[in-house]
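Report on the following structure.
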Amino acid sequence: MDAPTLSAHGIAEARALGATPALAQWFAAKAAHPDALIFFRMGDFYEMFFEDAHAGAEALSIAVSFRGEHQGQPVAMAGVPQHSHEAYLARLIRRGFRVAICDQTETPEQAKARKASIIDRRVVRVVTPGTLTEDSLLEAARPAWLLALVPDGAAWLDITSGIFETEAGAEITALMARLEPAEVVATEGLWPDATAATPPRDPAGRLAAAFGVASLEGFGSFTPPEIAAAAMVLEYVRGTQNGALPHLMRPSPRGQAGVLAMDAATRRSLELLRSERGDARSTLLHAVDRTLTGAGARELAARLAAPLADLPAITARHDAVAHLAAEPELRARLRAALKGAPDMARALARLSLDRFAPRDLAAVRDGLRRAEAMAAALAGPLPARLSPADLVPAASPAATLTLALADALPARLEDGGVVAVGYDGQLDALRRLRDDARGAIAAMQMELAQAWGVASLKIRHHQQMGYLAEIPAAAGEKLLRDPPRLPGDQAPQHRQTMSSTLRFTCGALAELDRKLAQAADQAAGRERTIARHLRELCVTAGACITTAARAMAALDVHAAAAELGWTRPQMTDGGDFCVVGGRHPVVDEALRRARGPAFVPNDTNLSAGQRVCLLTGPNMAGKSTYLRQNALMLVLAQAGLFVPAESARIGVADRLFSRVGAADDLAGGRSTFMVEMTETAAILNQAGPRSFVILDEVGRGTATWDGLAIAWAVLEALHDRLRCRTLFATHFHELTALAGKLPELRLNTMRVREWKGQVVFLHAVGPGAAERSWGVHVARLAGVPRPVLARAEAVLTALEDRARQGGGALSDELPLFTTRPSPARHPVLDALAGINPDQLSPRDAQEALYRLRALLDGG
């Protein structure tokens, strides 16, 4: 049954339509969040009702039951246990659902005290892919970007780390490929499958207010669309967090930073962070990741996704890696401190949203301790990126957390045992009352026995009257006749006379009775108060903690890069690209892991005078690997990492383009060739002298002459007009003729050797051009049936013979091998060649024109 539509989304109207008090609360929550599943807290379960129950049950593979009726229809419901609801949330989020958590905001006792008929419930949070904070719902090594798009502006943040950035005029497809956001919100119609949103009124004012400043000028220079996108994403987060905001860094205009531009096709081709085949081991990130922390892995991924294009910044990163590579003892100390370090940034996010567990406090404590150990190790002259200044915050809460927190912490604050013994005297006293009632009673018994002068006094508990002091009849009568002069709380008060004993109480004993009854609640309350105080300390120091966490992540990346043992590239501001003994980082790592044959290193030189390399060679010889290898060298170098080569001199590029491999876009109605041409057009329209381009088999997806013509024209444009560093692989051997016409074009080929009728691929690059493509041999390796291979060999031999002879019977079928006849010379040209303009009078010139026109009309 569908949830009824309410004209005004209030509980009173739901009750008027016959809903029970609890269902009325559910209707109100559903009306406020119609696009979300409602997790409705009822005791120890989160329940879903009506269509939510059916949708949730199908996604979670749980049963749907029915309870009661509403408007004559049974109420469908499905629930999950509250204590394990995060696992179910993760499955729903992966299936694309949004989930609104409608929780109990008071206890049954509190509801009873305010004379309410039902516990108050409210939506405290809307769980979406871009607003997750729980470790169980997040990938440790990947940020959960929430991206907001408006026309000509974008803003994105990660609420788990506090990073907040903007960009003006970004190419949306490229930005999406770079960030791979967990969730996108956008103005209507700007991006498919995005959550629709609109910027708030006065976006600059809302943004400034969120960071407690009067103006955004101190944060940098923002365009109005950037401000609109930033305010929109903040309001979206606020809406999902019940009005709260996590700890966020100040927004940074990304347009001011020099970043290597890469479009979506390039990222897909190079498999920087994600593989199209779904195998994470085939990505560049997996090949180079030696980080020890989740924050370090995220920082490494961010650097690979957005390499720098600013030479001083790149050099600073290289200086840090070089120093750690040269100091193995220092690197070992830093990595020892990093190993097992908690994720402070994500713990701080949960603390700032008041959705924390005791272990989040411990994460901040332990993280700051490790940061202090790293700072102590970083002594002496150091590169700027290894400065320990940011590791030790001036207002660090580490000392207080160390004193306050117990060594072994519970999973939940409600379980108790968060605060260390000895930190708070009042809590210790309440714990003693709670945990050692017998000891407290024994102490009170001794105290009253001495004060009342009755050594045989015993304190006993009675169901109706609580704790009472029992005294033998004789001593009790004496106490009644001659009561001692004592302070009011110890003065005896007669309560009951028995046959052999008298029962007394006093103010102190009554207070003990009350304290014992309330001790557990009071101890829990006191512990919550202390925990919240510790939370406030962390949130107040949030900026410093974030700085320390980012410094640790950066050190993790630098130390991990030094572990690889690769070579520091010499970076320049020119058009250099000279690599000696370069290896493909992913393939090389895979071969090492599989203990296979060693990777064959190759040289590349695209420096001045030889900017364009035309690479020929058979399939499977390694052309695509070689192309990607050099593009990845550029990415690694500009990301601030070292490269797998004997030596490298690399000029900083502003854009990187990679068009390698075939792909279609069936959903978009584009063929493989159309996709290829679209990507090639992007290169020709956007590349410049500082760009780096790799192109593989341009023109292969169409007729031979068309493809050759396109490849020819593209190669000329790259050489003559764009003048960028280019690796151009092709099977069109006719293109090698351009070597004599394009002065900066150099020919290289993948070397092969024929042995006993078989072809051996050497995977080595050498000068020159390939003699043939060896396609039939590759077909044999692929398992093509022998009769087909034999026929292919025969046809190939015939075609090659006809081509050498200038054509033949097969020329009509395959015009590639036809010798194209020269067209007949037009008579007008012969007549024109016989005219000497300098010897013609005006009349002769006029007559000559008439003759030429007559010949043209007759021709």
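The values are calculated or read from the model by the stated rules, or taken from the named source; none is laboratory data. Remember, it's a predicted structure, so these values are computed and weren't measured experimentally. Positions of Cβ are backbone-derived with ideal geometry, glycine not excepted, and every protein chain shown enters the neighbour counts. To get the accessible areas, we keep the full protein, side chains included, count just its heavy atoms, and leave off ligands, DNA and RNA. Shrake-Rupley method; radii C 1.70, N 1.55, O 1.52, S 1.80 Å.
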Those residues that are closer than 19 Å to Arg725 by Cβ and either of a type in the set (S, T, N, Q) or open to solvent by 10 Å² or more (accessible area, probe 1.4 Å) (or both), I need them from the stretch 595-622; list them, please.
-> Asn602, Asp603, Thr604, Asn605, Ser607, Ala608, Gly609, Gln610, Arg611, Thr616
Residues of the stretch 744-768 being without any contact (Cβ under 8 Å) to a residue 24 or more places away in the chain and over 18 Å from Leu627 (Cα atoms), which ones?
-> Arg753, Glu754, Trp755, Lys756, Gly757, Gln758, Val760
If you scan the stretch 571-585, which residues turn out to be open to solvent by 20 Å² or more (accessible area, probe 1.4 Å) and of a type in the set (A, V, I, L, M)?
-> Met571, Val580
So which residues in the stretch 619-658 are farther than 25 Å from Glu299 by Cα, in contact with a strand residue (DSSP E or B) (Cβ under 7 Å, 6 or more places away or on another chain) and not hydroxyl-bearing (Ser, Thr, Tyr)?
-> Met620, Ala621, Gly622, Lys623, Leu627, Glu646, Arg649
What about Arg333, is it open to solvent by 20 Å² or more (accessible area, probe 1.4 Å), within 17 Å of Cys538 (Cβ to Cβ) and in a helix (DSSP H, G or I)?
-> no
With the condition kept exactly as written, say whether any residue in the stretch 401-422 is surrounded by 12 or more Cβ atoms within 10 Å (Cβ to Cβ), over 44 Å from the mean Cα position of the chain (by Cα), in contact (Cβ under 8 Å) with a residue 60 or more places away in the chain and part of a helix (DSSP H, G or I).
-> no
When the residues of the stretch 527-569 are filtered to those that are in a helix (DSSP H, G or I) and of a type in the set (S, T, N, Q), which remaining residue is least open to solvent (accessible area, probe 1.4 Å)?
-> Thr546
If you go through the stretch 311-326 one residue at a time, do you hit one that is more than 20 Å from Ala548 (Cα to Cα), touching a Gly at 6+ places or on another chain (Cβ under 7 Å) and open to solvent by 30 Å² or more (accessible area, probe 1.4 Å)?
-> no
Listed by first then second residue, the pairs whose first member lies in the stretch 529-555 and is within 18 Å of Leu300 (Cβ to Cβ), whose partner is among the β-branched types (Val, Ile, Thr), with beta carbons under 9 Å and at least 6 positions apart or on separate chains, are Arg550/Ile163; Met552/Thr293; Ala553/Thr291; Ala553/Thr293
Applying the selection to the stretch 717-742, what residues are assigned to a loop (DSSP other than H, G, I, E, B) and without any contact (Cβ under 8 Å) to a residue 12 or more places away in the chain?
-> Lys741
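Take the residues in the stretch 423-436 that are outside any loop (DSSP other than H, G, I, E, B) and either surrounded by fewer than 17 Cβ atoms within 10 Å (Cβ to Cβ) or among the acidic types (Asp, Glu) (or both), then tell me which one is modelled with the lowest pLDDT.
Once the filter is applied, the top-ranked residue is Asp435.
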Of the residues in the stretch 86-112, those that are part of a helix (DSSP H, G or I) and buried (at least 18 other Cβ atoms within 10 Å of the Cβ) come to Tyr88, Leu89, Leu92, Ile93
Would you confirm whether any residue within the stretch 248-260 is of a type in the set (A, V, I, L, M, F, W, C), over 21 Å from Pro129 (Cβ atoms) and open to solvent by less than 40 Å² (accessible area, probe 1.4 Å)?
-> yes
With respect to Leu591, determine if the residue is out of contact with any Ser or Thr (no Cβ under 7 Å at 6 or more places or on another chain) and not in a loop (DSSP other than H, G, I, E, B).
-> yes
Could you figure out which of (1) at pLDDT 75 or above; (2) closer than 28 Å to Trp705 by Cα; (3) in a loop (DSSP other than H, G, I, E, B) isn't true of Gly783?
-> (2)
Of everything in the stretch 747-776 that's among the basic types (Lys, Arg) and surrounded by 12 or more Cβ atoms within 10 Å (Cβ to Cβ), which residue is modelled with the lowest pLDDT?
-> Arg772
When the stretch 290-310 is examined, which residues are found to be surrounded by fewer than 18 Cβ atoms within 10 Å (Cβ to Cβ) and out of contact with any Gly (no Cβ under 7 Å at 6 or more places or on another chain)?
-> Arg290
Could you grab me the full set of residues in the stretch 437-456 that are over 18 Å from Ala519 (Cα atoms), open to solvent by less than 80 Å² (accessible area, probe 1.4 Å) and assigned to a helix (DSSP H, G or I)?
-> Gln445, Leu448, Ala449, Ala451, Trp452
Pairs, please: C-beta under 6 Å, at least 6 apart or cross-chain, first residue on the phi < 0 side of the Ramachandran plot and in the stretch 482-493, second of a type in the set (A, V, I, L, M)?
-> Leu486/Ala451; Asp489/Ala508; Gln490/Ala451; Gln490/Ala508; Pro492/Leu479
Somewhere in the stretch 457-472, is a residue of a type in the set (D, E, K, R), in a helix (DSSP H, G or I) and surrounded by 14 or more Cβ atoms within 10 Å (Cβ to Cβ)?
-> no
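Please state which one of Ser117, Ser136 is part of a helix (DSSP H, G or I), over 12 Å from the mean Cα position of the chain (by Cα), more than 20 Å from Met48 (Cα to Cα) and touching a residue at least 12 places away in the same chain (Cβ under 8 Å).
Ser136
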Note on the stretch 217-227: residues surrounded by 17 or more Cβ atoms within 10 Å (Cβ to Cβ) and closer than 14 Å to Phe164 by Cα are Phe219, Phe222, Glu226, Ile227
Just one of Asp158, Asp120, Asp135 is farther than 30 Å from Ala280 by Cβ and either out of contact with any His (no Cβ under 8 Å at 6 or more places or on another chain) or buried (at least 21 other Cβ atoms within 10 Å of the Cβ) (or both); which is it?
-> Asp120
Is the stretch 662-685 home to any residue that is modelled with pLDDT under 95, crowded, with 21+ Cβ neighbours inside 10 Å and outside any helix (DSSP H, G or I)?
-> no
Looking at the stretch 684-702, which of its residues are over 14 Å from Thr672 (Cβ atoms) and aliphatic (A, V, I, L, M)?
-> Leu684, Ala687, Val693, Ile694, Leu695
Given the structure, is Leu311 in contact with a helix residue (DSSP H, G or I) (Cβ under 6 Å, 6 or more places away or on another chain) and of a type outside the set (Lys, Arg)?
-> no
Pick from the stretch 374-388, criterion among the hydrophobic types (A, V, I, L, M, F, W, C) and loosely packed, with under 12 Cβ neighbours inside 10 Å, ranking: modelled with the lowest pLDDT = Ala379
Please indicate, with yes or no, whether at least one residue in the stretch 364-374 is more than 27 Å from the chain's Cα centre (by Cα), closer than 22 Å to Ala297 by Cβ, free of Cβ contacts under 8 Å to residues at least 60 places away in the same chain and in a helix (DSSP H, G or I).
-> yes
